[in-house]
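Taking it in order: structure first as structure tokens, then the write-up.
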Amino acid sequence: MAVSSRTSDGQTDSSATPNALDKIAAKNRDVVTLLCVLGGLYTQSPISGVTGRARRYSVRLATMQDLGNGSTPLATLARTMKPSWLYRIASILLILFAVGHTLGFRQVDPNWGIDSLVQSMRSVHFNANGSERTYWDFLVGFGLFVTALMVLASLVAWQLGSLPAATLANMRISAWGFVLCFAFVAFLSWRYFFLVPVIFSVAILVCLTLAAWLSGNPE
């Protein structure tokens with residue numbers, strides 16, 4: 001690919017050549033923008049031997065991090081979605097998830113054919129570190145334990161949605177820790193449960209991930 005042309009006096013004229021870097025950036029604008037946002041991609045320090053045009057492209061690439069001036073889907077997302085909305089949506093989903101879990105985890109469908117097993121779980125007692133318990137006691141206790149934690153997570157998500165943007169921007173460990181927690185919950189729902197908890201956990205995960213990303217780039 002030619003990178004320069006010669007003028008009538010024999011001098012090299014690099015401005016006569018189409019800017020290949022600009023073409024690549026135009027075709028892959030979303031990808032470049034995402035790299036700028038997530039990776040903090042700045043190339044402001046010129047590398048030895050880089051031409052003036054490449055330096056100008058580096059500055060343009062860095063300024064693409066300002067999503068408010070773009071028209072890509074990522075830019076539209078950053079302009080229209082607010083972390084506070086996403087955290088509150090996640091909070092509502094968590095409450096619904098907790099209610100559904102609490103009402104459903106003790107239900108037994110006769111079609112499963114496990115009535116005798118469930119009866120044994122309820123009737124067979126054993127000594128657990130000095131306490132007389134059944135396996136059904138453990139099931140109910142752990143199930144309500146999960147309910148309490150989901151309600152707590154809902155309250156935390158609502159509180160995060162009430163914080164000022166500047167405060168939220170400084171809470172990177174809490175924001176991304178929340179995301180990692182529900183990424184694991186989504187995996188457990190897929191591995192051990194069924195479709196409804198998978199849908200809830202994935203929807204909550206998406207809300208928390210977008211909220212964590214957007215809150216780290218306040219306008």
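A few points about this structure:
- Of all residues in segment 171-198 being more than 17 Å from the chain's Cα centre (by Cα) and not in a helix (DSSP H, G or I), the one that is surrounded by the most Cβ atoms within 10 Å (Cβ to Cβ): Phe193
- When restricted to residues that are closer than 20 Å to Phe178 by Cα, modelled with pLDDT under 95 and of a type in the set (S, T, N, Q), segment 72-105 contains 1.
- Some residue of segment 166-187 being among the small types (Gly, Ala, Ser) and farther than 24 Å from Ser84 by Cα: no
- Test: Asp115 is among the charged types (D, E, K, R) and within 40 Å of the chain's Cα centre (by Cα): no
- Here Leu152, Leu144 are screened, and the one residue that is closer than 27 Å to Leu86 by Cα, of a type outside the set (Phe, Trp, Tyr), surrounded by 11 or more Cβ atoms within 10 Å (Cβ to Cβ) and in contact (Cβ under 8 Å) with a residue 40 or more places away in the chain is Leu144.
- When segment 94-107 is filtered for residues that are exposed (fewer than 12 other Cβ atoms within 10 Å of the Cβ) and either β-branched (Val, Ile, Thr) or in a helix (DSSP H, G or I) (or both), the ones remaining, listed by number, are Leu103, Gly104.
- Filter pass, Cys207 being under 24 Å from Thr80 (Cβ atoms), hydrophobic (A, V, I, L, M, F, W, C), out of contact with any Pro (no Cβ under 9 Å at 6 or more places or on another chain) and not in a loop (DSSP other than H, G, I, E, B): yes
The values are calculated or read from the model by the stated rules, or taken from the named source; none is laboratory data. Here the structure is a predicted model, which is why all the values come from computation and not from measurement. No Cβ is skipped: glycine too gets one built from the backbone with ideal geometry, and neighbour counts run over all protein chains shown.
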